[in-house]
Amino acid sequence: MKPELSLLWKHSGKLGRRLPFALLASSLVVGCGQPAGTSETPAPSAPQAESSAQAVDPSGNLEAALGSTLQALEGDAARPVVESLVAIPQAAVSRTTATVFQLKLDVKRTENEAFRGGTLTMADGAQQLVFRDNGQSGDAVAGDLLFTASGTFDFVALQAEQQRIAQAQSQSQTQLTTAVFENRRLVRTVPVTALNPQFPVGQPVPIQPIGLASLVDPARSLIIRAPSVVNDSTRTYDPCTGTGNPNGKWTFNYLMTEMANQPFTGVAPSTFVREWLRQWEQPRTINGFVNPPRTSIAGNLIGPWPKLSSGELNLAKSPFKLIAIVNRLDLAGSNPAYGSGSAGEGRFIFAATTGSGASCYTVPFLVILEYGVDKNGCTAIKTYAQQWQALSGLPLGSASYNAALEALTEQFAKRDLSPRKPNRSSINQVRTNEEWLAQPWELREFRLWNSTINPNSFSTTPPPIVGLLNSHTVAQTPDRATRNTLFPSYVNANTGPIVAGTYSVPLPWGGGPFRGGRSVVTNPMAIPPFWSQPASVIPNRQARHVFSLNTCDGCHGDELGTNFTHVSWTGALSPFLSGALTVPDRADGTPTRTFNEVLARQTFLDQLANQSCLTASFVTAPPSVH
């Protein structure tokens, strides 16, 4: 099955090819790894993506990485950087006003040169807008990076949005603002003022990305950890007290049973989980690197796990406790402005438990189930975003809140929602972050496999097995053995794509294996951080920082000075997820950068739930989902 590349800017002109545009907010995540919905190293029949801004491997081993079952690009190509977009009504405003659109690309961004003199096609609902910079069909000047299109626009919806902004301003004692992020860093906040809703014929109306973060409650719509939710007796099970519903929709039992999908795969859920755990008992060779066994899993977890009379694991009494439910809609890899695609990820975070009764407690072994949310088209994605935002208006943990949250999680957690994927499950990956089994802290990634996926990024010794979770590379993170060799070579050869956020760490680089099969954090406070070399070795210090921050160990450790987890086994949030975090460059001391991950997610959710799909053309992001 060949990939369906429907989630793209379509570009013609000088290059005559398609270029992806990922709608991702600047953000980190509770796990680590590569962009959701991607697969590594295409099978030989998969076409290679071309791009002047892709990472360049002098050895010729560049990965195009077209994921045949996950319909996405890992090898990110150049994407246009938008400076402004205006809609000029040609008649009295209505829901389908004849409109001329003008889209201006930023002339200061070198990646935009790839689009000069060509055309760009964007989808707005069922409408395809063809933006031209070729001097034809209404475009005044060819090659000036001012693209022109004709179509219709819903000015009534835009008027309603201005009323929403005006109402929010009337209820606020301070000036409304929207935040702007670049490479996860908060670069500025911009004052927000409602437009005059008259919109005269012939006058340009700015279409701008505006997210009102104050209208999103993170505790109810983004990172949900309230005891009244994670201990809901009808939806969760507490292995320490034995209370709750062992088959509830938010239990480890239910979620792994749906992921195994025995009616489709023939794999029993208990076998599915047992084989996953076996991967710590034996070494796994992934991309030429060996994940050593952590044999204490037998005594710590597998042995004490309650068993059925057959000796199989009793999943109804799984020793994993729900810690959080996380909305990662900001990871949407399929831009609703450009056709169809997924609505980011939905996640469950569990912590292993040990002991019994009053002596039972959670331990530093976190399991994050990360599901891709399949929604096609702007309307479906906006509706989904609105459902998440609506949680902010419900009493946290109330019967109505928990029912509404379950309605959302069932849109990605139950079986058979993604027929194109292995096991027909929406799961993208399962990640673990632990030091309970051994030192140092270690992060691993597991994915489902079937015969349509090239196995190179999975464990090869032993090879991946159909229908099971298999050990997988941790993307954006080289193996630590490459620090003094391939790492500086890669960063120096790809400074442009790294800074622009269009790179993806390949499996091979410079004639040798590069991306690792695990990530370890030996010292989260190390200065300089592990992924650093002096300026004499890596001259571009911004590229060094971005690369380091996008690695698993940099994100969960020394590039931020974060102590291993962003959501801990007790549910505590790291400083990175607790508001503004100002961090001097960990290698050089300067510059000082301000991050505000929660603000980024609030801004994105409000924008996506309420703005025109065309505003998505402004949003760029780093190539990571940490």
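The values are calculated or read from the model by the stated rules, or taken from the named source; none is laboratory data. All figures in this text were calculated on a predicted structure; none of them were measured in a lab. All Cβ positions, glycine included, derive from the backbone under ideal geometry; neighbour counts span all protein chains shown. Remember, those area values only see protein heavy atoms, side chains included, never the ligands or the DNA or RNA. Shrake-Rupley method; radii C 1.70, N 1.55, O 1.52, S 1.80 Å.
Brief remarks follow.
- Test: ASN183 is touching a strand residue (DSSP E or B) at 6+ places or on another chain (Cβ under 8 Å) and either in contact (Cβ under 8 Å) with a residue 40 or more places away in the chain or of a type in the set (Phe, Trp, Tyr) (or both): no
- Tally of residues being outside any loop (DSSP other than H, G, I, E, B) and open to solvent by less than 10 Å² (accessible area, probe 1.4 Å) across the stretch 490-516: 5
- Each residue in the stretch 131-176 was checked for being under 21 Å from PRO206 (Cβ atoms), outside any helix (DSSP H, G or I) and open to solvent by less than 60 Å² (accessible area, probe 1.4 Å), and 14 of them qualify.
- Residue check for ARG541: under 21 Å from PHE289 (Cβ atoms), modelled with pLDDT of 95 or more and open to solvent by 20 Å² or more (accessible area, probe 1.4 Å): no
- Set ALA194, ALA213: member being among the aliphatic types (A, V, I, L, M) and either surrounded by fewer than 18 Cβ atoms within 10 Å (Cβ to Cβ) or free of Cβ contacts under 8 Å to residues at least 60 places away in the same chain (or both): ALA194
- When residues of the stretch 428-454 are limited to those that are aliphatic (A, V, I, L, M) and part of a loop (DSSP other than H, G, I, E, B), the one most open to solvent (accessible area, probe 1.4 Å): ALA438
- Considering residues of the stretch 455-481 that are within 14 Å of ILE286 (Cβ to Cβ) and in a loop (DSSP other than H, G, I, E, B) only, the residue most open to solvent (accessible area, probe 1.4 Å): PRO463
- Number of the exception - ALA98 against (1) modelled with pLDDT of 90 or more; (2) out of contact with any Lys or Arg (no Cβ under 7 Å at 6 or more places or on another chain); (3) open to solvent by less than 20 Å² (accessible area, probe 1.4 Å); (4) in a strand (DSSP E or B): (3)
- Tally of residues being more than 32 Å from the chain's Cα centre (by Cα) and aliphatic (A, V, I, L, M) across the stretch 262-312: 2
- Of all residue pairs spaced 6 or more apart or on separate chains, those with beta-carbon atoms under 6 Å, a first member in the stretch 371-382 that is in a helix (DSSP H, G or I) and a second member that is at pLDDT below 90 are CYS378/GLY125; CYS378/PRO336; CYS378/CYS613; ILE381/PRO336; ILE381/ALA343; ILE381/LYS375.
The rows are residues; the columns are (1) more than 21 Å from the chain's Cα centre (by Cα); (2) crowded, with 23+ Cβ neighbours inside 10 Å; (3) modelled with pLDDT under 95.
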{"site": "VAL567", "(1), (2), (3)": "no, yes, no"}
{"site": "LEU573", "(1), (2), (3)": "no, no, no"}
{"site": "THR582", "(1), (2), (3)": "yes, no, no"}
{"site": "ALA587", "(1), (2), (3)": "yes, no, no"}
{"site": "GLN607", "(1), (2), (3)": "no, yes, yes"}
{"site": "ALA621", "(1), (2), (3)": "no, yes, yes"}
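- Looking across the stretch 110-130, the residues that are among the aliphatic types (A, V, I, L, M), part of a strand (DSSP E or B) and crowded, with 20+ Cβ neighbours inside 10 Å come down to LEU120, MET122, ALA123, LEU129.
- Scope the stretch 408-427; condition in a helix (DSSP H, G or I) and either within 23 Å of PRO263 (Cα to Cα) or basic (Lys, Arg) (or both); matching residues: THR409, GLU410, GLN411, PHE412, ALA413, PRO422, ASN423, ARG424
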